[in-house]
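A.B. asks: There's a structure below that I have some questions on.
The values are calculated or read from the model by the stated rules, or taken from the named source; none is laboratory data. Keep in mind the model is a prediction, meaning the values are calculated, not measured. Methodologically, a virtual Cβ is constructed for each residue, glycine included, from the backbone with ideal geometry; neighbour enumeration extends over all protein chains shown. The accessibility values were calculated without ligands, DNA or RNA, using every heavy atom of the protein model including side chains. Shrake-Rupley method; radii C 1.70, N 1.55, O 1.52, S 1.80 Å.
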Amino acid sequence: MTITPQVHDDNENIVWHRHTVTKALRAEQKQQKPCVLWFTGLSGAGKSTVAGALENKLAELGHHTYLLDGDNVRHGLCRDLGFSSEDCRENIRRIGEVATLMADAGLIVLSAFISPHREERQLVRDLLPDGEFIEVFVDTPLVECEKRDPKGLYKKARAGEIKQFTGIDSEYQSPLSPEIHLAAGSHAIEELVAQCIEHLKSQQIIS
């Protein structure tokens with residue numbers, strides 16, 4: 001079989017190598033369809049909590065997953081980035097690329113980031129084939145997020161110690177038509193996980 005190399009758009013010396021072990025084969029071995037569940041919502045909405053509980057459930061069911069968390073990647077992959085609008089966009093771009101590679105490995109990827117702008121979330125969606133990007137809106141009212149304030153960030157933002165904080169002096173653009181809409185402020189974690197599992201089954205990502 002002849003494989004035609006794919007040349008990088010920006011540099012003719014960088015060529016994409018197509019390997020014989022394919023995404024389809026990796027997915028078949030794992031008995032699941034790869035996808036990226038992109039959890040978005042305000043700080044304190046419960047994104048990481050829901051994503052973690054869902055990953056636990058998927059592992060219990062025998063599925064292969066990986067959870068990318070906003071704070072965790074700031075310790076390594078994105079440790080060189082600040083919180084300017086340009087750096088935040090680059091943060092999301094990098095995570096999108098990593099999540100795409102993990103999906104190519106046949107994994108169900110869970111990604112928990114505020115990712116406040118629709119354009120940034122669309123950027124990640126465009127990296128993946130149709131049906132593989134699942135936007136999960138963890139919809140918790142601002143007043144409830146402030147009440148929780150697990151990291152004390154809202155208190156600092158209200159005191160003017162943190163500038164351009166999402167939900168306070170920086171806009172959060174809610175998803176217009178997320179694949180999964182979780183009313184996280186009024187439902188138990190078990191119900192939210194069950195809603196996600198139901199969607200994954202309906203899309204035949206898991207059986």
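A.B. asks: Of the conditions (1) at pLDDT below 95; (2) of a type in the set (Gly, Ala, Ser); (3) open to solvent by less than 40 Å² (accessible area, probe 1.4 Å), residue 84 satisfies every one except a single condition; which number is it?
C.D. replies: Condition (3) is where residue 84 drops out.
A.B. asks: I would also like to ask the following. At pLDDT 90 or above, within 22 Å of residue 200 (Cα to Cα) and either part of a loop (DSSP other than H, G, I, E, B) or open to solvent by less than 80 Å² (accessible area, probe 1.4 Å) (or both): does that describe residue 42? Reasoning before the result, please.
C.D. replies: Working: at pLDDT 90 or above: yes; within 22 Å of residue 200 (Cα to Cα): no; either part of a loop (DSSP other than H, G, I, E, B) or open to solvent by less than 80 Å² (accessible area, probe 1.4 Å) (or both): yes.
No: the conditions fail for residue 42.
A.B. asks: Going through the stretch 53-81 one residue at a time, which ones are modelled with pLDDT of 85 or more, open to solvent by 80 Å² or more (accessible area, probe 1.4 Å) and under 17 Å from the mean Cα position of the chain (by Cα)? So that I can check it myself, show each step before the final result.
C.D. replies: First, pick out the residues of the stretch 53-81 that are modelled with pLDDT of 85 or more: 53-68.
Filter once more, keeping what is open to solvent by 80 Å² or more (accessible area, probe 1.4 Å): 56, 60-61, 64, 66.
Result: 56, 64, 66.
A.B. asks: Can you tell me which residues in the stretch 87-130 are open to solvent by 80 Å² or more (accessible area, probe 1.4 Å) and touching a His at 6+ places or on another chain (Cβ under 9 Å)?
C.D. replies: Selection gives 89 alone.
A.B. asks: Turning to a different aspect of this structure: Name the single residue, out of those in the stretch 167-177 being out of contact with any strand residue (DSSP E or B) (no Cβ under 9 Å at 6 or more places or on another chain) and assigned to a loop (DSSP other than H, G, I, E, B), that is nearest to residue 119 (Cα to Cα).
C.D. replies: Of the residues in the stretch 167-177, the ones out of contact with any strand residue (DSSP E or B) (no Cβ under 9 Å at 6 or more places or on another chain) are 167-171, 173, 176.
Narrowing the set further to residues that are assigned to a loop (DSSP other than H, G, I, E, B) leaves 167-169, 171, 173, 176.
On the way: 167: 17, 168: 20, 169: 19, 171: 13, 173: 9, 176: 12 Å.
If we take residues in the stretch 167-177 being out of contact with any strand residue (DSSP E or B) (no Cβ under 9 Å at 6 or more places or on another chain) and assigned to a loop (DSSP other than H, G, I, E, B), then 173 is nearest to residue 119 (Cα to Cα).
A.B. asks: If you don't mind, another one. Specify which of the listed residues (195, 204, 164) is open to solvent by 40 Å² or more (accessible area, probe 1.4 Å), assigned to a loop (DSSP other than H, G, I, E, B), of a type outside the set (Ser, Thr, Tyr) and modelled with pLDDT of 90 or more. If you could, list the steps in order and put the result at the bottom.
C.D. replies: Numbers: 195 fails: assigned to a loop (DSSP other than H, G, I, E, B); 164 fails: modelled with pLDDT of 90 or more.
Only one candidate qualifies: 204.
A.B. asks: Among residues belonging to the stretch 13-39 that are of a type in the set (S, T, N, Q), in a loop (DSSP other than H, G, I, E, B) and on the phi < 0 side of the Ramachandran plot, point out the one that is least open to solvent (accessible area, probe 1.4 Å).
C.D. replies: Our first condition is that a residue be of a type in the set (S, T, N, Q); within the stretch 13-39, this holds for 13, 20, 22, 29, 31-32.
Now restrict to residues that are in a loop (DSSP other than H, G, I, E, B): 13, 20, 22, 31-32.
Right, trim to on the phi < 0 side of the Ramachandran plot and you get 13, 20, 22, 32.
Working: 13: 130, 20: 115, 22: 60, 32: 13 Å².
Here the answer is 32.
A.B. asks: Applying the selection to the stretch 137-161, what residues are touching a residue at least 60 places away in the same chain (Cβ under 8 Å) and either β-branched (Val, Ile, Thr) or assigned to a loop (DSSP other than H, G, I, E, B) (or both)?
C.D. replies: 138, 139, 140, 149, 150, 151, listed by residue number.
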